[in-house]
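Student: Take a look at the following structure, please.
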Amino acid sequence: MASALAQTETNPMNAEPPGSFAGHARRISINGNAMAAKITYMVAPDYPKKLQDEQVSGTVVLSAVIAKDGSVEDLTPVAGPSPLTALATDAVRQWRYQPTVIDGQQLEVSTTISVVFAVGQPPRYQQQGAAAPTTGSAVDPRLRADILHLIDVMHVKDTQVEFGHQMMETLRPTIIAALPPEADQQKILDELSERLMASLQSDEATDRMVVVYARYFSDDDVKG
């Protein structure tokens, strides 16, 4: 059976550090490899038997804009066999992503998506060229969506923030002792605490949790 493989890029993220665009950017650029970790719903492209019989295969590359709510707002074909471009576009347009939130703001994202049509292979989602997963990018999208729902109903992020505050209170005397007397110690502590809380609630922290859950629990376990 033929397949359509969703392939992501392996270039580093193109997004700048959060502090550089907070408060004014409306759209950031993130590569496909990083955005794969945010997929919550995926539709496989149609691959008509006629095209398979004619050995029409290859990779369709799409330039995409992901809206603030995670829907696919715009798609522009960049490369690939013309008979397959419309098939890939129709499918990817239905994909959904976890919204990208930085510094409390939901942002649009520009990215690149590659859809690989391969004759004679079973349908499957595949991320090419990635290292061993240190993010949720290698987790099956359906399992990832269920894990994210579990994290939400368990209020895991709230628990992390509470733990972060407790940790900061425990470390406060040690941090103050390490700072020079002339430093604005309270301002430094406040900024350190703010950055820690942001890190605990970041997409990267969530991705790491998804990987841990996916490693030890099946989708049935997560739903249970």
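The values are calculated or read from the model by the stated rules, or taken from the named source; none is laboratory data. In this text, all values refer to a predicted model and were calculated from it rather than measured experimentally. Ideal geometry is used to build each Cβ from the backbone, glycine not excepted, and the neighbour counts take in all protein chains shown. Accessible surface is based on the protein model in full, side chains and every heavy atom, while ligands, DNA and RNA are left aside. Shrake-Rupley method; radii C 1.70, N 1.55, O 1.52, S 1.80 Å.
Student: What residue, of Gly70, Gly32, Gly120, Gly136, is modelled with pLDDT under 85 and on the phi > 0 side of the Ramachandran plot?
Tutor: Of the residues listed, the single one that is modelled with pLDDT under 85 and on the phi > 0 side of the Ramachandran plot is Gly120.
Student: Are any of the residues in the stretch 42-57 of a type in the set (Gly, Ala, Ser), part of a strand (DSSP E or B) and at pLDDT below 90?
Tutor: Checking the stretch 42-57: not a single residue is of a type in the set (Gly, Ala, Ser), part of a strand (DSSP E or B) and at pLDDT below 90.
Student: Could you give me the residue pairs with C-beta distances under 9 Å whose first residue belongs to the stretch 84-111 and is under 17 Å from Glu204 (Cβ atoms) and assigned to a strand (DSSP E or B), whose second residue is open to solvent by 60 Å² or more (accessible area, probe 1.4 Å) and among the β-branched types (Val, Ile, Thr) wherever it lies, and which are 6+ apart or on separate chains?
Tutor: Matching pairs, first to second residue: Leu107/Val101.
Student: Then there's this: Report every pair of residues separated by at least 6 positions or lying on different chains whose Cβ atoms are under 6 Å apart, first residue within the stretch 48-65 and on the phi < 0 side of the Ramachandran plot, second of a type in the set (A, V, I, L, M, F, W, C) and assigned to a loop (DSSP other than H, G, I, E, B).
Tutor: Once the first residue is on the phi < 0 side of the Ramachandran plot and sits in the stretch 48-65, its partners that are of a type in the set (A, V, I, L, M, F, W, C) and assigned to a loop (DSSP other than H, G, I, E, B) give Gln52/Ala2; Gln52/Val119; Ser57/Val119.
Student: Here are some conditions: (1) touching a residue at least 24 places away in the same chain (Cβ under 8 Å); (2) within 17 Å of Ala37 (Cβ to Cβ); (3) among the hydrophobic types (A, V, I, L, M, F, W, C). Val212 meets all but one. Which one does it not meet?
Tutor: Answer for Val212: the failing condition is (1).
Student: Inside the stretch 202-224, can you point out the residues that are open to solvent by 90 Å² or more (accessible area, probe 1.4 Å) and not in a helix (DSSP H, G or I)?
Tutor: Phe217, Gly224
Student: For the stretch 143-191, what are the residues that are closer than 17 Å to Asp207 by Cβ and of a type in the set (D, E, K, R)?
Tutor: Of everything in the stretch 143-191, those that are closer than 17 Å to Asp207 by Cβ and of a type in the set (D, E, K, R) turn out to be Arg144, Asp146, Asp152, Lys157.
Student: Does Val161 count as assigned to a helix (DSSP H, G or I), over 15 Å from the mean Cα position of the chain (by Cα) and under 30 Å from Arg96 (Cα atoms)?
Tutor: yes
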